[in-house]
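Inspection log for the structure reproduced underneath, given as structure tokens.
The values are calculated or read from the model by the stated rules, or taken from the named source; none is laboratory data. For clarity, every value in this text was computed on a predicted model and none was experimentally measured. When we count neighbours, we look across all protein chains shown, and the Cβ atoms used for this are built from the backbone with ideal geometry, even at glycine.
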């Protein structure tokens, strides 16, 4: 199966029908990641052979859960999950934040080469981030403990907004998150082990498991 076929088949598992242009852009992003990774170590080298499943499809698993017109990616790193999401959701404006100038430089180059007009990049630490406007959804890929992420996300979410925190395993430290927490299991095509997601909203603490 080609990378393009893997992307299209995997996206369908999430209820996404990719346009041919979107497949081209996702493959272009994967190519850029592979090329830049040699010098900049953007993703783990052991993940390079399974880049489509481990990083692109894992990112796209969030697409059906996005809400609103503005999304913030906290600690985006190499543009994950923000860039793949921006490709498949051109109707949403994405702000990608990371403290590493080198990584943001890569994201800016990817934005330019792929032709993404709905991506804004910001260099800065997540704990110091102050938003000029609020976001409907905040996403993050396990860059910090849920309580730390929520302290930032909760302060920049608009009323009724949500945070989506991706974790590799079931997160046990949700009691410290002063909000409503829903734990979800995400099965990623091409990966043997399921990934987990915390969906967090303002409200009383009410952690629960959901499959």
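Observations on the model:
- Near pairs, Cβ below 6 angstrom, 6+ apart or cross-chain, from segment 20-39 (free of Cβ contacts under 8 Å to residues at least 24 places away in the same chain) to any residue that is buried (at least 18 other Cβ atoms within 10 Å of the Cβ) and in a helix (DSSP H, G or I): 23/7
- Residue satisfying condition, being over 12 Å from the mean Cα position of the chain (by Cα), crowded, with 18+ Cβ neighbours inside 10 Å, modelled with pLDDT of 95 or more and in a loop (DSSP other than H, G, I, E, B), within set 116, 42: 116
- Positions within segment 77-109 being closer than 20 Å to residue 52 by Cα, in contact (Cβ under 8 Å) with a residue 40 or more places away in the chain and not in a helix (DSSP H, G or I), in sequence order: 77, 78, 79, 80, 81
- Condition met for residue 185 (surrounded by 12 or more Cβ atoms within 10 Å (Cβ to Cβ), modelled with pLDDT under 95 and assigned to a helix (DSSP H, G or I)): no
- Some residue of segment 47-66 being farther than 24 Å from residue 21 by Cα, in a helix (DSSP H, G or I), over 12 Å from the mean Cα position of the chain (by Cα) and modelled with pLDDT under 95: yes
- Some residue of segment 148-156 being outside any helix (DSSP H, G or I), farther than 22 Å from residue 29 by Cβ and out of contact with any strand residue (DSSP E or B) (no Cβ under 7 Å at 6 or more places or on another chain): no
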